[in-house]
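Participant: Once you've had a glance at the structure underneath, I'll fire off some questions.
Each value in this text was obtained by applying a stated rule to the coordinates, not by laboratory testing. All figures in this text were calculated on a predicted structure; none of them were measured in a lab. Cβ: placed from backbone, ideal geometry, glycine included. Neighbour counts: every protein chain shown.
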Amino acid sequence: MAGGVGEESVTARMRKSLHRARIGLRRSGVDYFRGDGSDWIALAGLMLTVPALACGTVLTPVWCSPAILVLPIVAGGLLLRPASLLALYAAAAAALIVESVALGPYTDGTAQVTPGTVLTVAACGLFGLLIAQFRSRVGVPWRRGGTMLFDLRERIRVQSKLPRLPQGWHREMALRPAGGQSFSGDFVVAARTSGGRTLEVVLTDVSGKGMDAGSRALLLSGAFGGLLGSLPPHDFLPAANGYLLRQDWDEGFATSIHLVLDLDSGDYELLSAGHLPALQLHAGSGRWEEKSGEGPLLGVYDGAEFDPAKGSLGPGDVLMLFTDGLVEAPDRDISEGIDRLSGEADRYVPTGFEGAAWHLIEAVAKDVNDDRALLLICRDADSGPML
């Protein structure tokens, strides 16, 4: 019995030890790929690769060229920190010396360590060191950098999602960055306020386009999302203007349009900061009307005032907000672009505007090298005031 207990305790201790080792290895792997752990595992693996490649070169130089040492060097530039990278370079240099001694002078044949081989390996090492130093300065390792950019892009998309609207209302939004990139200088923030009765939407166009404006748009979208709903509607644009001025950017202005819509009555206000007018489709006449408040660009001067334009969305009416990428072109006036956009939108009046936002961008500004955003707020034809 005692022997059985002792044997069981030894087995239990071994299982616990294996479990702790497995948990520790898993944590090290997670920390490594998150960029928080040590790079000793990668360094050890690459350091073992160097002598293995050197042996292969000495034994079969025709199939395993001396220049193959660039492979661990390139991998090290992506995986290792600068200090660890220098140790790998020292091992690669020692391997080249051993190969040159074992294979003889480079004049004896082609499968030798030639000056070109040394220059190739050295150039790859310098390139990898520059990449490693840049990552170290930025503080984002390569294995985490792509994940971080993906996360930032998804955060912008989540912030730009419009809230669900009550029955009788429909919303459409499409956003297309310049040049097919993932980041845009156009963004939308929206919220239901006043107990869900009011829809507030802010469409902003940051100066610049694509990746150049993407970082500023990310910062502003977070700030504007925090301001929206926390302030009375008429105080939003002055607060956003003050925030932009405090950033003191060289190219820090932006245009913005703020919609405040009562979802019960259909009444709305539009406050504009140098933005293009909105377009309202009146279902009764079938005509588009420009609606715009008055106000200067955001981030130009302090104490700016923004005067609202008022209107009302009746049954069947549509309100369209957009950025200048859809209507502005070097060879035409903005008014012509607006006419073209409204003309294309007329095609959807008989069938409804569901799915129309993306198709409108395709129709009027498919190949434009500028950020484009389009927002549609539609009231169903059979809806009426909620009593």
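Participant: Read phi for every residue in segment 374-381 and hand back ³J(HN,Hα) as whole Hz from Karplus 6.51 cos²θ - 1.76 cosθ + 1.60, θ = phi - 60°, with x for Gly and Pro.
Facilitator: 9, 10, 10, 10, 10, 10, 4, 5
Participant: Next question, about the same structure. Note the full-extension length gain between A87 and E290 as 0.36 nm times their separation in residues minus their Cα-Cα distance, in nm to one decimal.
Facilitator: Numbers: separation 203, 0.36 × 203 = 73.08 nm, distance 6.67 nm.
Additional length available on full extension: 66.4 nm.
Participant: Along segment 232-245, what does the Karplus equation 6.51 cos²θ - 1.76 cosθ + 1.60 (θ = phi - 60°) give for ³J(HN,Hα), rounded to whole Hz, x for Gly and Pro?
Facilitator: After applying 6.51 cos²θ - 1.76 cosθ + 1.60, I find x, x, 6, 9, 5, 5, x, 5, 5, 5, x, 5, 5, 5 Hz.
Participant: Per-residue HN-Hα couplings for segment 74-91, Karplus 6.51 cos²θ - 1.76 cosθ + 1.60 at θ = phi - 60°, whole Hz, x for Gly and Pro?
Facilitator: 5, 4, x, x, 8, 9, 9, 7, x, 5, 5, 5, 5, 5, 5, 5, 5, 5
Participant: Quick one: if you stick a label point 7 Å off each Cα along the C-beta vector at T11 and Q167, how many nm between them?
Facilitator: It is 6.5 nm.
Participant: May I pose another question? Starting from the amide H of D186, placed 1.01 Å from N in the peptide plane, find each other amide H under 5 Å away whose residue is 5 or more places distant or on another chain.
Facilitator: Here V206 satisfy the definition.
Participant: For segment 291-387, which GluC sites (Glu not before Pro) are in a loop by DSSP, counting at most 12 other Cβ atoms within 10 Å?
Facilitator: Values: sites: E294, E305, E328, E336, E344, E354, E362; in loops: E305, E328, E354.
Those satisfying the criteria are E305, E354.
Participant: Can you give the relative contact order of segment 230-292 as a percent, counting alpha carbon pairs under 8 Å and 6+ residues apart?
Facilitator: Details: 60 pairs, mean separation 14.1, N = 63.
Contact order relative to length: 22 percent.
Participant: For labels at D331 and T120 in the simple 7 Å Cα→Cβ model, what's the distance in nm?
Facilitator: 4.9
Participant: So, one more: For every other residue with a beta carbon closer than 10 angstrom to the beta carbon of C378, add +1 if it is Lys or Arg and -1 if Asp or Glu, then tell me the sum. Walk me through the numbers before you get to the answer.
Facilitator: Numbers: positive: R171, R379; negative: E172, D317, E354, D380.
Net of charged neighbours comes to -2.
Participant: Now, a different point. Around F253, which amide H atoms from residues at least 5 apart in sequence, or from another chain, sit under 5 Å from its own amide H, with H modelled in the peptide plane?
Facilitator: Correct list: S207.
Participant: What do you get for trypsin sites (Lys or Arg not before Pro) in segment 301-387 restricted to DSSP loop and a cutoff of at most 12 other Cβ within 10 Å of the site's Cβ? It would help to have the intermediate numbers written out before the result.
Facilitator: On the way: sites: K310, R332, R340, R347, K366, R372, R379; in loops: K366.
Counting only loop positions with at most 12 other Cβ atoms within 10 Å, the trypsin sites (Lys or Arg not before Pro) in segment 301-387 are K366.
Participant: Name the long-range amide H neighbours of K291: under 5 Å, sequence gap of 5 or more, or other chain; modelled H, no Pro or chain starts.
Facilitator: Under 5 Å from the amide H of K291: A278, L279, Q280.
Participant: Which one, V327, G311, G295, projects farthest toward the positive side of the charge dipole computed for segment 294-342 from Cβ point charges (K/R +1, D/E -1)?
Facilitator: G311
Participant: Can I ask one more? Charges only on Cβ, +1 for Lys and Arg, -1 for Asp and Glu: so what's the dipole of segment 232-375 about the Cα centre, in debye to the nearest 20? Spell out each step's value before the answer.
Facilitator: On the way: 9 positive and 28 negative charges, 70 e Å.
In total the dipole reaches around 340 debye.
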